[in-house]
Amino acid sequence: MNTSTRSIYSVLIYLRGIVSAVVMGAGILALCACGGKTAVTLTEVATSESLWTGVAVSEEGRIFVNYPRWFESVTVSVAELLPSGETVPYPDETWNSWNPDLPFREQFVCVQSVVVDKNDNLWILDPAPAWLTRGAPGGPKLLKVDLTTDQVIQIIHFDAHIAPPGSYLNDVRVDNRRNWAYLTDSGLGAIVAVDLSTRQARRVLANHPSTKAEDVVLVIEGQEYLSGDGSRPQIHSDGIALDAHGRYLYYQALTGHSLYRIPTAALHDTALSASELASKVELFATPGPADGIAFGTDGHLYLTSLELNAVRRVTPSGKVRMVVQDTRLKWPDSFAVSPDNTIYVTTSQIHLLGRITEPFRILKFHP
């Protein structure tokens, strides 16, 4: 197991639970003065007894979540969260019927992310190392689900050249105009660019400092975030975002302060050498440690702020601003943005080890 995997595993092995999501009404609200000028209402949407990471929201308001198989008690990988508060396996029970003796290509192994694209399709990213320890040959994959039929209509499998041992494909963004997808690898540090028309993938920037963890210690809720052996976790390129025009891809390491971007045209250009591609990387801002990042429909880049129990945003000029801060934002993890710019965020409480006393949450706000 590599250092990054050990670090994540040492945190997550303590977490246990059975999925039991409960949709709340417009009940619990929190107000946060932002810069003394505006206030954002943070509303609880749902809670769960089991750890979730990703959330996705369709144009019709359907909500999807995923539960990574970081521990053996996970029984469902992807679910739709119904208005009644129930969760149902999605797209069906077959994909969610985990059996380690069956081919990993034909089932969910360890789903890390769910995203709805501009054409209202659901994308499911499965990096595949079950329990973060067991190998899953043939398991890493990206699936596309048609939300009108609830059927899987495309599967892209990643071989060891794209997802080598020790990698952990973490998050995904899709450009429907150009038909490309972009993924981060938080296990080893890299960007994966996928031509969805040809199903050909490129692993790039694997040796570039922009995709690597920085030498920092996160302090979350007054405690240093360390591995079980006292070492500093090294979680590499994690959050990823695509601007509204699909011209720039933004990304950053989770254990780091720096937010980078690169023109997507450079990621498509196979004629560029590694050094030429590296020269296209720009340092855009230094917002501090973040897990999820996503563009709102207002053009601002939103980031989860792990050390501040907060969500912040980066303006087009690179200025960092507070949006909302709340004690319920315990390790705010992933975003989903609805067409009206309502922003949903999950909490995964990864820093709390075996000390979790609150449910995992989905919260929403409208900036």
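A few remarks follow.
- One residue from L183, L205 being buried (at least 22 other Cβ atoms within 10 Å of the Cβ), under 23 Å from D159 (Cα atoms) and touching a residue at least 60 places away in the same chain (Cβ under 8 Å): L205
- Residues satisfying the stated conditions in segment 92-104, i.e. more than 20 Å from F71 (Cβ to Cβ), modelled with pLDDT of 95 or more and not acidic (D, E): T94
- Some residue of segment 337-344 being among the polar types (S, T, N, Q), in contact with a Pro (Cβ under 8 Å, 6 or more places away or on another chain) and farther than 15 Å from E221 by Cα: yes
- Residues in segment 168-178 that are outside any strand (DSSP E or B) and touching a helix residue (DSSP H, G or I) at 6+ places or on another chain (Cβ under 9 Å): 2 in all.
- Checklist (1) surrounded by fewer than 22 Cβ atoms within 10 Å (Cβ to Cβ); (2) out of contact with any Gly (no Cβ under 8 Å at 6 or more places or on another chain); (3) modelled with pLDDT under 95 applied to S73, failing item: (2)
- Candidates in segment 314-367 are the residues that are touching a residue at least 60 places away in the same chain (Cβ under 8 Å) and among the basic types (K, R); of these, the one that is surrounded by the fewest Cβ atoms within 10 Å (Cβ to Cβ) is R321.
- For R321: the one exception among (1) on the phi > 0 side of the Ramachandran plot; (2) touching a strand residue (DSSP E or B) at 6+ places or on another chain (Cβ under 6 Å); (3) modelled with pLDDT of 95 or more: (1)
- Considered as a group, the residues in segment 281-293 that are of a type outside the set (D, E), closer than 16 Å to F335 by Cβ and not in a strand (DSSP E or B) include one that is nearest to the chain's Cα centre (by Cα), and that residue is G292.
- Here segment 100-116 is the region considered, the condition is being free of Cβ contacts under 8 Å to residues at least 40 places away in the same chain and either outside any loop (DSSP other than H, G, I, E, B) or among the aromatic types (F, W, Y) (or both), and the residue that is nearest to V345 (Cα to Cα) is F108.
- Annotation: of all residues in segment 107-128 being within 18 Å of T75 (Cβ to Cβ) and not hydrophobic (A, V, I, L, M, F, W, C), the one that is surrounded by the fewest Cβ atoms within 10 Å (Cβ to Cβ) is Q107.
- Lone qualifier among L147, L142, L125 - being under 30 Å from D243 (Cβ atoms), among the aliphatic types (A, V, I, L, M), touching a Phe, Trp or Tyr at 6+ places or on another chain (Cβ under 8 Å) and in contact (Cβ under 8 Å) with a residue 40 or more places away in the chain: L142
- If you go through segment 134-167 and keep only what is part of a loop (DSSP other than H, G, I, E, B) and in contact with a Leu (Cβ under 8 Å, 6 or more places away or on another chain), you end up with P140, L147, F158, A163, P164, G166, S167.
- Of the listed requirements (1) surrounded by 22 or more Cβ atoms within 10 Å (Cβ to Cβ); (2) more than 26 Å from S48 (Cβ to Cβ), V311 misses just one: (2).
- All positions within segment 158-173 that are among the β-branched types (V, I, T) and surrounded by 23 or more Cβ atoms within 10 Å (Cβ to Cβ): V172
- Filter pass, A130 being of a type outside the set (D, E) and within 21 Å of I235 (Cα to Cα): yes
- Conditions (1) of a type in the set (A, V, I, L, M); (2) modelled with pLDDT under 95; (3) under 29 Å from S258 (Cβ atoms); number of the one not met by A136: (3)
- Taking the conditions (1) under 23 Å from H366 (Cβ atoms); (2) touching a strand residue (DSSP E or B) at 6+ places or on another chain (Cβ under 6 Å) in turn, T315 satisfies each one other than (2).
- Among the residues of segment 119-133, just one is of a type in the set (D, E) and in a strand (DSSP E or B), namely D126.
- For the condition in contact with a Cys (Cβ under 8 Å, 6 or more places away or on another chain), modelled with pLDDT of 95 or more and within 21 Å of L306 (Cβ to Cβ), L51 does not qualify.
- Only one of G288, G222, G230 that is under 20 Å from M322 (Cβ atoms), free of Cβ contacts under 8 Å to residues at least 24 places away in the same chain and not acidic (D, E): G222
The values are calculated or read from the model by the stated rules, or taken from the named source; none is laboratory data. Keep in mind it's a predicted model, so treat the numbers as computed, not measured. Please note: Cβ atoms are built from the backbone with ideal geometry, for glycine as well, and neighbour counts cover all protein chains shown.
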